[in-house]
Structures are given as C-alpha cells and as structure tokens.
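Single-structure report; data block below.
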Amino acid sequence: ERRERKRKLSKEMLEKVARELEKMQLQEKADMKYKEWLKKKRAEEAEKKKKEKEKEKEREAELQEKRTRSEKIFKEWLQNSRNKPQPALNGYGFPHGKSTGLY
C-alpha cells in the first residue's frame, strides 16, 4: 500500500507540475501575443500621426498659396484701380458737381 500511495502521490505531483508548466507556457504565449499586438498598435498610431502631420502641412501650404494668390490679385486690382479714369462729375444737370435746374 505504501508503494501504491507513493506512486499515486508522485503521479499527482507530476500531473501538477505538468499543469503548472502548461500554464506558464500559455502565459508566455499570451505575453508574446500581447507584446506583438502592442507593437503593431503603436506602429499604426505612429503612421496615423505621420499622415495627419502630412495633411496638416498640405493644408498649410494650400492656405499659404491662397494667401499669396489673393495678395497678388489685390495688388493688381489696386494698381489697375489707380489707372482707371474717374467718373465724370459734370454730367447731365450737375455742372461742378452741383444740381442745377428747377426746384
């Protein structure tokens, strides 16, 4: 009976150790998968931030180009408006800019 008990005890111990070992292996596997997932997630976030920065730079460039174009057009308009002839004040019934005629 003693031998049988010892055998059962040793068998149980072996099974317990095997279960613990399996648990540890599963835990390590889970940790590895988590680390891989975390690495992938961080890489995706970095890529997303990079794309956002590029879009922001493009928007800023477009805005700057638009401002430059607007300033150029405004300067051209200003230059052209100086060269345009002034409207005639002395027109029908308004000599020297004052109304003449019957009241």
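None of the figures in this text is laboratory data; all of them are computed from the coordinates on show. Keep in mind it's a predicted model, so treat the numbers as computed, not measured. Cβ placement follows ideal geometry from the backbone for every residue including glycine, while neighbour counts extend to all protein chains displayed.
Quick notes on this one:
- Net charge in the neighbourhood of residue 41 (other residues with Cβ under 12 Å of its Cβ; Lys, Arg +1, Asp, Glu -1) is +1.
- For the stretch 1-60, the C-alpha radius of gyration sits at 2.47 times the compact-globule guess of 2.2 N^0.38 Å, with N the residue count.
- The length gained by stretching the chain between residue 71 and residue 44 to full extension, at 0.36 nm per residue less their Cα-Cα distance, is 5.7 nm.
- Note on residue 7 and residue 25: their simple-model spin labels are 2.7 nm apart, each label 7 Å out from Cα toward Cβ.
- Neighbours of residue 75, meaning other residues whose beta-carbon lies under 14 angstrom from its beta-carbon, give a summed charge of +2 when Lys and Arg score +1 and Asp and Glu score -1.
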